[in-house]
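Notes follow the structure.
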Amino acid sequence: MRPILTADGMRAAEAAAIAAGTSVETLMERAGAGAAEAIWRFAGPVPALVICGPGNNGGDGYVVARRLKERGVKVRVAALAEPKSDAARACAAWDGPVEPLADAAPAPLLVDALFGTGLTRGLDESVAQRLAHLAAAARVTVAIDLPSGVATDDGRVLSPVPDFDLTISFATLKPSHLLQPAARHMGRIAIADIGIAAESRLIEIVRPHLRAPGPDDHKYSRGYVAIVAGEMPGACALAASAAARSGAGYVRIFGDRHEAGVPLSVVQGGEGKVDDPRIGACVLGPGLGLSDAARRRLDDVLGCDAPAVIDADALTLLARAGPERLRSAKATPILTPHGGEFARLFPDRRGSKIEQARAAAAETGAVIVFKGPDTVVAAPDGWAAIAPPAPAWLASAGTGDVLSGIVAAMRARGLGAFEAACAGVWLHGRAAERAGPALIADDLLAPLPKLIFECR
């Protein structure tokens, strides 16, 4: 999985490169050259206006302008202010005129190099309006590092930000490339290699590697998933179907009635207690209800040896009992709350979505899948991951039940809790892409077998 660097992490990585003998000016030349290459491939020889700020992001912009001009692009440069840092001044070796930003006329291609990593306050209103005007008049818009007006670490938009067609980051992603509401303004994201090492306990979720069954496998070694039934059969059926379609070798619904709409291969019926030692993961919550019987099922699942995937109604019951109840679980549980469920479980949380998820994981000893348009997965040991963008059509009833089934299948096949959660989130998002617009939860099931095959 690819590392994601915060503003502090990026500064530390750059400092390490400088200590090893690479100058700031060299890093900026690499950044500008990489960005120019990406712009050339994306937009071609389109007349460009590069707008530069006074810091190192602006220095990158001057390099971009110079490199594009060398390729024959008609380039103009407009500056918010004179370069302030020694490195920015050194890289501002531009042999053409520099226009004041306030007076610059639009161009078909706009390159925003005003401010990048580390911005802590919004742009002045006049500057934000000028950026918006130039972006609206351009055919193609490109942001260097991050769109100006976006915070680096938490997805906040500090001042109004246009929608960009391309954002070029350096060395690695930053949290706001994937966190909302900032992420919606990024467009396509490219990463330019500038020759620094990026190490982080925050990573981007990417395609998992899943071992295909071998000749010695059988249905239980491929993963036995137990689904605990409740009051709403549809949700339970979706979770069971998703587990089966995600490669689990044996799926059983524990309940006193038969659910319609599940594959015939799914076994139904059995006592409420899930005490079979062959069970590799247990799903509790989809369609469970909030009755006394549901509370007893929660106690049973937390008391069994199998790792639990807890969603929906079970999260509400857990909020009432206190999330510290999870500490009694014998195996690391996985919780999959959306924003409302997370707020009930962990009220008065502060900080970014990443910080909140990490704190919840540390408090409970569980892996937290904090769902949403920018799903974050956090483990008790401090590792965290952000999912790549997924279609907004997932905001539909039952899609969370499908996610629970997929994650349980990943856990039952032997992946660790954090790895299973990340794999399930990736598969869920890609299934939504293949299902297409106006999807319903049922549509996520058909793409799963091919996705599993492609992950081998």
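The values are calculated or read from the model by the stated rules, or taken from the named source; none is laboratory data. Quantities reported herein were computed from a predicted structural model and do not represent experimental measurements. Neighbour counts run over all protein chains shown; Cβ positions are idealised from the backbone, glycine included. Note: areas computed on protein heavy atoms with side chains; ligands, DNA, RNA excluded. Shrake-Rupley method; radii C 1.70, N 1.55, O 1.52, S 1.80 Å.
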Any chance you could check the Cα centroid distance between the stretch 239-296 and the stretch 314-379 for me, in angstrom? 22
Whole-Å distance, taken between Cα centres, linking the stretch 27-61 and the stretch 425-450: 37
When the helices in the chain are scored as -39500 (n - 2.57) per DSSP H run of 4 or longer and the sum is shared across all residues, what 222 nm value do you end up with, to the nearest 500 deg cm²/dmol? -11000 deg cm²/dmol
Count the lysine pairs in the chain whose Cα atoms sit under 28 Å apart, keeping only pairs 8 or more residues apart in sequence or on different chains. 13
Tell me whether the stretch 222-263 comes out rounded, prolate or oblate; compute the Cα gyration tensor, take square roots of the eigenvalues as a ≥ b ≥ c, and use a/c under 1.5 as the rounded threshold. prolate
Test item: Cα-centred dipole of the stretch 256-323, Lys/Arg +1 and Asp/Glu -1 on Cβ, debye: 120
Suppose every K and R has +1 on its Cβ and every D and E has -1 on its Cβ; what is the size of the dipole of the stretch 297-456 about the Cα centre, in Debye to the nearest 20? 180
Share of accessible surface on carbon and sulfur in the stretch 1-86, whole %, 1.4 Å probe and ligands ignored, is 53
Residues of the chain: accessible area per residue with a 1.4 Å probe, Å²: 41
Given charges at beta-carbon only (K, R positive; D, E negative), |dipole| of the chain in Debye: 580
With both bridge residues required to lie in the chain, what share of the DSSP beta bridges run antiparallel, to the nearest 5%? 15
When the solvent-accessible surface of protein heavy atoms is calculated with a 1.4 angstrom probe, in what order do Thr6, Thr316 fall, highest first? Thr6, Thr316
Answer with one residue from Ala7, Val24, Val63: the one whose Cα lies farthest towards the positive end of the charge dipole of the stretch 1-101, charges on Cβ with Lys, Arg +1 and Asp, Glu -1. Val63
Prolate/oblate/rounded label for the stretch 331-389 (Cα gyration tensor, a/c 1.5): rounded
Run the accessible area of the stretch 352-400 with a 1.4 Å probe and give the carbon-and-sulfur part as a rounded percent. 63
Just read off the accessible area of Val267 with the full protein assembly in place, 1.4 Å probe, to the nearest 10 Å². 50
Leaving out ligands, DNA and RNA, and with a 1.4 Å probe, what % of the accessible surface on the stretch 88-168 is carbon or sulfur? 51
So what does the Cα-only Debye profile of the chain read at q = 0.12 Å⁻¹, as log10 I(q)/I(0), no solvent term? -0.95
Pop a pseudo-label 7 angstrom from the Cα along the beta-carbon direction at both Trp40 and His133 and give the gap in nm to one decimal. 3.3
Work from the charge dipole of the chain (Cβ charges, +1 for Lys and Arg, -1 for Asp and Glu, about the Cα centre) and give the residue of Pro323, Ala421, Gly249 farthest towards its positive end. Gly249
